[in-house]
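The structure appears below as structure tokens.
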Amino acid sequence: MNEPTLNRTLPARCEVLVIGAGPAGSACAQMLARAGRDVLLVDRQDFPRDKVCGDGLIPDAHHALTRLGVHEPVMARARVADHVRCVGPRGGRIDVPGRLAVLPRRELDAILLDAARAAGARVATPWRFEAPLQEGERVVGAWLHGAATAEVRADWTVLATGAAAQPLQRMGACVRQTPSAIALRGHVRHAAMDEGWRTLDVVWHRAFAGGYGWIFPGPDGVFNIGVGAAGAGQTHLRDLMARFAAVYEPAGRLLREGQWVAPAKGAPLRWSLTGAQPVRPGLLVAGEAVGSTYAFTGEGIGKALETGILAAEALVAGGGDAAVQRQYAAALAAIKPRFDLYERAQRINRYPWLVDLLIWRANHTPALQRRMAGVLEETAHLGDPLSPRGLMRLMWPK
Ligand SMILES: Cc1cc2nc3c(=O)[nH]c(=O)nc-3n(C[C@H](O)[C@H](O)[C@H](O)COP(=O)(O)OP(=O)(O)OC[C@H]3O[C@@H](n4cnc5c(N)ncnc54)[C@H](O)[C@@H]3O)c2cc1C
């Protein structure tokens, strides 16, 4: 991987200013640059940079990475896995097949940023978004703070600053300040455990009802281990991690014997396409800023990439303020029902006994196994596990 050349200078104007160079921002910038738009992509951090994440790439991310032409370089570095292992409170387990991989975000996001730059986007870091530039109600660029404070004027601005509420508030696009969930992860090396480990383990247990724990094997024998829980309230993530280690033997062993590569760090998540206003005159909001992460799984890289691409498509189609806003809002509305299904499926996290039942049933029912694989591939869904009809469908799938 090449270390990107740092560019500290800002142009005074551009056609599209993309703020935030995570998956959503880099995907958007790349697609715009490919279509010949003059794009400036800025981030408050220099790259490569870390991002608190589980680092798991599920099928939707693979599709989007292919579309962005970076699947090959990503897979050249990523650790491949072939199943998600769902582990219930009583220790029952089922392995759900899928196209899976793990790559630390420090590497993944640098590859995506490089690809945006290679497509022709200008990149400037570290520049932090401070406030919008406005003409009346219309956003016409932004104030950025880096080596100095500077303004960049733009025909359009895309806000892709992730799950933090502050940039949304400053942009006047925040509907809900609190995140949907919080999660904690660490990177721990354990060469002996690494041998032959091919699954992304997701673990439910009464000890951390409302959330789940995970162990994902990354490159170079380094595991990503974490816990997450819905809501922002009273959850003490370090307690949850200790409980995870106590109830799931591989987690306990990893934390006891492994060597910490990066300390455990927490971060918020915003999901279900809620919590933000997706459009304002002159502005589109993409990625986790618009709530693009899936409830239930907490997976968001693929959907952040997708919403970045959708924002770029609306801008490339053009046709004036109203047409661009309409196209992007319609594109998000078209994918919203799927987010709603994940939101409903997420309720299963509060009732770990249901996971036991689901795993037990799946181990006896090939149709349910296929449905679970379909959920991962996004060709099927679990429905509402707490409604009588949803429960019936789970127990007796067609
Ligand atoms: C603990 C945890 C585990 C997770 N595990 C997974 C997983 O395994 N798989 C998965 O698919 N998803 C996972 N997610 C979700 C995933 O991390 C997000 O969905 C994804 O990062 C969203 O991408 P994004 O581009 O919208 O935002 P981000 O990746 O957050 O990128 C936003 C960018 O904006 C920049 N920025 C922020 N504020 C400013 C500002 N004021 N000015 C300029 N730049 C700014 C940041 O520096 C950053 O580079 C996890 C999340 C957490 C917290």
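The values are calculated or read from the model by the stated rules, or taken from the named source; none is laboratory data. This one's a predicted model, so the numbers in the text were calculated from it and none came from an experiment. Neighbour counts run over all protein chains shown; Cβ positions are idealised from the backbone, glycine included.
Pairs meeting the criteria (first residue in region 109-129 and in contact (Cβ under 8 Å) with a residue 40 or more places away in the chain and under 17 Å from Leu159 (Cβ atoms), second residue aromatic (Phe, Trp, Tyr) and outside any loop (DSSP other than H, G, I, E, B), beta carbons under 9 Å, at least 6 apart or on different chains) are Phe129/Trp143.
Comparison of Gly275, Gly300 shows that the only residue that is buried (at least 22 other Cβ atoms within 10 Å of the Cβ), at positive phi and modelled with pLDDT of 95 or more is Gly275.
Identify all residues within region 114-126 that are within 14 Å of the ligand (Cβ to nearest atom) and in a loop (DSSP other than H, G, I, E, B); write none if there are none. Thr125, Pro126 - these are the residues of region 114-126 that are within 14 Å of the ligand (Cβ to nearest atom) and in a loop (DSSP other than H, G, I, E, B). Within region 157-176, the set of residues being in contact with a helix residue (DSSP H, G or I) (Cβ under 6 Å, 6 or more places away or on another chain) and either modelled with pLDDT under 95 or assigned to a strand (DSSP E or B) (or both) comprises Val158, Leu159, Cys174.
Among the residues of region 66-77, are any among the acidic types (Asp, Glu), within 13 Å of the ligand (Cβ to nearest atom), under 22 Å from the mean Cα position of the chain (by Cα) and part of a helix (DSSP H, G or I)? No, region 66-77 contains no residue that is among the acidic types (Asp, Glu), within 13 Å of the ligand (Cβ to nearest atom), under 22 Å from the mean Cα position of the chain (by Cα) and part of a helix (DSSP H, G or I).
Each residue in region 195-218 was checked for being out of contact with any Gly (no Cβ under 9 Å at 6 or more places or on another chain), among the charged types (D, E, K, R) and not in a loop (DSSP other than H, G, I, E, B), and 1 pass. When region 142-152 is filtered for residues that are touching a residue at least 40 places away in the same chain (Cβ under 8 Å) and either out of contact with any Cys (no Cβ under 8 Å at 6 or more places or on another chain) or part of a loop (DSSP other than H, G, I, E, B) (or both), the ones remaining, listed by number, are Ala142, Leu144, Gly146, Ala147, Ala150, Glu151.
Of all residues in region 7-52, exactly one satisfies the criterion of being on the phi > 0 side of the Ramachandran plot and either β-branched (Val, Ile, Thr) or surrounded by 23 or more Cβ atoms within 10 Å (Cβ to Cβ) (or both), namely Gly20. Restricting to region 302-326, name every residue that is away from the ligand (no atom under 13 Å from the Cβ) and within 18 Å of Ala29 (Cα to Cα). Ala312, Glu313, Ala314, Leu315, Val316, Ala317, Gly318, Val324, Gln325 - these are the residues of region 302-326 that are away from the ligand (no atom under 13 Å from the Cβ) and within 18 Å of Ala29 (Cα to Cα). Residue count for region 175-202, restricted to those that are aliphatic (A, V, I, L, M) and out of contact with any Ser or Thr (no Cβ under 9 Å at 6 or more places or on another chain): 7. All of (1) free of Cβ contacts under 8 Å to residues at least 24 places away in the same chain; (2) part of a strand (DSSP E or B); (3) closer than 30 Å to Ile348 by Cα hold for Gly91 with one exception: (2). Return a yes/no flag: does region 127-137 have any residue that is modelled with pLDDT of 95 or more, within 10 Å of the ligand (Cβ to nearest atom), farther than 30 Å from Arg79 by Cβ and charged (D, E, K, R). Yes: one or more hits.
Figure legend. Inter-residue proximity from region 351-362: first residues touching a residue at least 60 places away in the same chain (Cβ under 8 Å) and crowded, with 16+ Cβ neighbours inside 10 Å, second residues in a helix (DSSP H, G or I) and of a type outside the set (A, V, I, L, M), beta-carbon distance below 9 Å, spacing 6+ or different chains. Indicated pairs: Pro352/Arg206; Pro352/Phe208; Val355/Asn349; Ala362/Gln369; Ala362/Arg371.
Evaluate the following for Gly54: is it in contact with a strand residue (DSSP E or B) (Cβ under 7 Å, 6 or more places away or on another chain) and closer than 27 Å to Lys265 by Cα? Here the answer is yes, as Gly54 does meet what is asked. If you go through region 350-357 one residue at a time, do you hit one that is at pLDDT 90 or above, part of a helix (DSSP H, G or I) and out of contact with any strand residue (DSSP E or B) (no Cβ under 7 Å at 6 or more places or on another chain)? Checked region 350-357: no residue is at pLDDT 90 or above, part of a helix (DSSP H, G or I) and out of contact with any strand residue (DSSP E or B) (no Cβ under 7 Å at 6 or more places or on another chain).
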